[in-house]
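The values are calculated or read from the model by the stated rules, or taken from the named source; none is laboratory data. Keep in mind that this is a model prediction, so the values were computed, not measured. Here the Cβ positions follow ideal geometry from the backbone for every residue, glycine too, while neighbour counts run over all protein chains shown.
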Amino acid sequence: MSATESTPASLSIGDLSERTGVPTSALRYYDELGLVRPTAREAGRRRYAESAVRDVSAILFFREIGFSLAEIGRFLTGERQGRREMIDHKLAELIEQQHRIEVARTALEHGRKCPAVDPMKCTRFWAILEGRQRGLSLEESHSRVH
């Protein structure tokens, strides 16, 4: 087999990019991080096993549900118990994030229907900011004003 030929079961980085929708630059970065490694190099070019499509899909899934690339690396290389702890930690993070989003949504809804018309002229808005300056959470500050 010549250096320009490839084994039928391997994919070029372009093939992997096309099959997964992930740019080749990101695939190279994943390689640097050890997330998806080529199985071989032919004439200096990365060649991936067919299973790399599945591996990239897993990375995309974990990114979509909020994992960082560093967390994904630890998850993929970790032990079952460690993965369980990571899931529990991510769930707690998401619950906190969901709570912050709900508080922010409530504040924005107030701004949209504020009788002052301009939120920058709203006395409640400024009272909430003063509460934040005193160290209250957004939720505490907002609830004291309303």
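Summed over region 13-44, the residues that are surrounded by 14 or more Cβ atoms within 10 Å (Cβ to Cβ) and acidic (Asp, Glu) give a count of 3.
Filtering Arg54, Arg74 for residues that are out of contact with any Cys (no Cβ under 9 Å at 6 or more places or on another chain) and modelled with pLDDT of 95 or more leaves a single hit, Arg54. If you filter region 45-54 down to residues that are closer than 14 Å to Gly14 by Cα and of a type in the set (Gly, Ala, Ser), you find that the one that is surrounded by the most Cβ atoms within 10 Å (Cβ to Cβ) is Ala52. Within region 119-137, the residues that satisfy the criterion of being part of a helix (DSSP H, G or I) and of a type in the set (S, T, N, Q) are Thr123, Gln133.
Yes or no, residue by residue, for (1) over 29 Å from Pro23 (Cβ atoms); (2) in contact (Cβ under 8 Å) with a residue 12 or more places away in the chain:
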| position | (1), (2) |
| --- | --- |
| Arg63 | no, no |
| Glu79 | yes, no |
| Ala116 | yes, no |
| Phe125 | yes, yes |
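The condition (being among the acidic types (Asp, Glu) and surrounded by 11 or more Cβ atoms within 10 Å (Cβ to Cβ)) is satisfied by just one residue among Glu96, Glu140, Glu109: Glu140.
In the set (1) at pLDDT below 95; (2) touching an Asp or Glu at 6+ places or on another chain (Cβ under 8 Å), the condition left unmet by Ala40 is number (2). Out of the residues in region 10-50 that are part of a loop (DSSP other than H, G, I, E, B) and of a type in the set (A, V, I, L, M, F, W, C), which is farthest from Leu60 (Cα to Cα)? Here the residue is Ala43.
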